[in-house]
1. Taking only Cα atoms and a 10 Å spring cutoff, compute GNM fluctuations for the chain and point out the largest among Val153, Val59, Val130.
2. Round to the nearest 0.05 the FRET efficiency obtained for Ala298 and Asn242 when R0 = 22 Å and r is the Cβ-Cβ distance.
3. Rank-order 254-264, 69-79, 184-194 by packing density, defined as the average count of other C-beta atoms within 10 Å over each peptide's residues, highest first.
4. Counting helices only, and only those DSSP H runs with n ≥ 4, report the 222 nm mean residue ellipticity of the chain as the sum of -39,500 (n - 2.57) divided by its residues, in deg cm²/dmol to the nearest 500.
5. In what order, largest first, do Glu238, Glu133, Glu140 sit by accessible area if the probe radius is 1.4 Å?
6. In whole percent, what relative contact order does the chain give with Cα contacts below 8 Å and a gap of six or more residues?
7. Looking at (1) -1.15; (2) -1.28; (3) -1.43, which value of log10 I(q)/I(0) by the Debye sum over Cα atoms at q = 0.16 Å⁻¹ comes from a calculation on the structure shown?
8. Sort Asp99, Asp129 by heavy-atom solvent-accessible area, probe 1.4 angstrom, most to least.
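The values are calculated or read from the model by the stated rules, or taken from the named source; none is laboratory data. The structure displayed is predicted, hence computed values, not measured ones. Positions of Cβ are generated from backbone atoms using ideal geometry, with glycine treated the same way; all protein chains shown enter the neighbour counts. Accessible surface areas use protein heavy atoms only, side chains included; no ligands, DNA or RNA. Shrake-Rupley method; radii C 1.70, N 1.55, O 1.52, S 1.80 Å.
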Amino acid sequence: MTRRELLGAAAAAVSSPAFAADKLPGPICLFSKHLPGLPPRELARALKPIGFGGIDLTVRPGGHILPGRVETDLPAAVAAIRAEGLEVPHITTALNSGDDPTAVPILKAAAKEKIPFFRIGYHLYKSDDVRAEVKRIGAEVASLAAVARAQGVQMLFQNHAGNFGAALWDMAQVLDPLDPRVAGVEFDVRHAVAEGGTSAWRTGFHLLAPRIRTVCIKDVYWKKGPKGWALQDCPLGEGMVNWPAYLKLLAKAGFRGPVLLHQEYVENGDKPGSESRVLPAVERDLKFLKAELARAYA
């Protein structure tokens, strides 16, 4: 079969009486970072016709919701999005520790709006003593988990290239002592493949699978330029991610959580005024993703 025939067969499977749509994960949400120029209601109105089911809302400095205004602006944003028929199952924050003075207000507001998940901020290795860094970051994450527990929401740790947790085993060491009902994983296959190459990303997936609550969707490949090799973000299906293999792993693991689509390859796509270029890109990626999910979960 050609690739077009395969995608057509997957799309047909969705409408087949034998296909149980409720077995698919979801909702599929767009990371709001990629449309910063659209306020929440306009964001929802732009995304619903394309086929998205929800929005991953940025609640961080420079995001759609500023931490200092979370108590008023988050309820208004969520109400506007839900009024347009989309969900808000997840917010992305810059929180790294329970000592952050914005942690309680943000998580309290999220709980009040019945938003179950929030992604934490990034941690960096500050020294070459890896064991000491695991201990230091583990204490910070544990303190944030305590705040999350008190507020009734679940924190998620994303694996991101260049940061603590990119290797996956270090993230696992930090999370292992914590209650999985409070501390989970936001698995990012783009960064896992970038760091894990041929097979280590699979090992990392299996290591973290019991804690995976949401997944980030994006693709990447290595490109050689004048300054050497560098990672190049790209449309889904054009990079190194083996989508059939990865999504079958998710299906086998019984994953049913929110799916968070990211778009990093449109130049200046995270700047206001880029909507006319970003929306066609995410629409194309969404169609690809839905077809691949249908194949994997069918």
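1. Per the Cα network of the chain with a 10 Å cutoff, Val130 tops the list.
2. The pair Ala298/Asn242 has a calculated efficiency of 0.80.
3. 184-194, 254-264, 69-79
4. -13000 deg cm²/dmol
5. Highest to lowest solvent-accessible surface, that is Glu238, Glu140, Glu133.
6. Once divided by the residue count of the chain, the mean separation gives 20 percent.
7. Label (3) holds the value from this structure.
8. In descending accessible area the options line up as Asp99, Asp129.
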